[in-house]
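The values are calculated or read from the model by the stated rules, or taken from the named source; none is laboratory data. Keep in mind the model is a prediction, meaning the values are calculated, not measured. Positions of Cβ are backbone-derived with ideal geometry, glycine not excepted, and every protein chain shown enters the neighbour counts. Side chains included, ligands, DNA and RNA excluded: accessible areas come from the protein's heavy atoms. Shrake-Rupley method; radii C 1.70, N 1.55, O 1.52, S 1.80 Å.
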Amino acid sequence: MKLQFSNPFHRISAKDRLFFIHQLAIMIASGIPLSLGINLVLQQTQNKLLRGELSVIVRDIESGRPFSVAATRYPDLFNEVTVAMIRSGE
């Protein structure tokens, strides 16, 4: 049996996901456009993987893709339930 150790620098923790969702919810409730809100959260996060994923999501949204479609590309950040909630909000 081979043990695998996860590298904390190569994953997105529950704390990082919660921070992102909470901050984005506040920005959307304040009337900030989605892509700008994600960009603002991107600038606040320390996790390099999360920053990379969020920058691609912003590009997808700015190119016309729905947020739910962009979110499905990153199951480590958005599980099926979260994507379903995003889709219902769209």
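Residues that are of a type in the set (D, E, K, R) and within 14 Å of residue 17 (Cβ to Cβ) within the stretch 57-79 comprise just one, 76.
Tell me whether the stretch 39-52 contains one or more residues that are open to solvent by 30 Å² or more (accessible area, probe 1.4 Å) and part of a loop (DSSP other than H, G, I, E, B). Yes, because at least one residue in the stretch 39-52 is open to solvent by 30 Å² or more (accessible area, probe 1.4 Å) and part of a loop (DSSP other than H, G, I, E, B).
Are any residues in the stretch 31-82 among the hydrophobic types (A, V, I, L, M, F, W, C) and over 15 Å from residue 12 (Cβ atoms), and if so, which ones?
The first filter runs over the stretch 31-82 and keeps only residues among the hydrophobic types (A, V, I, L, M, F, W, C), leaving 32, 34, 36, 38, 40-42, 49-50, 54, 56-58, 61, 67, 69-71, 77-78, 81.
If the condition is that a residue be among the hydrophobic types (A, V, I, L, M, F, W, C) and over 15 Å from residue 12 (Cβ atoms), then 32, 34, 36, 40, 58, 61, 67, 69, 70, 81 are the ones that fit.
When the stretch 53-90 is filtered for residues that are closer than 19 Å to residue 32 by Cα and outside any helix (DSSP H, G or I), the ones remaining, listed by number, are 63, 64, 65, 66, 90.
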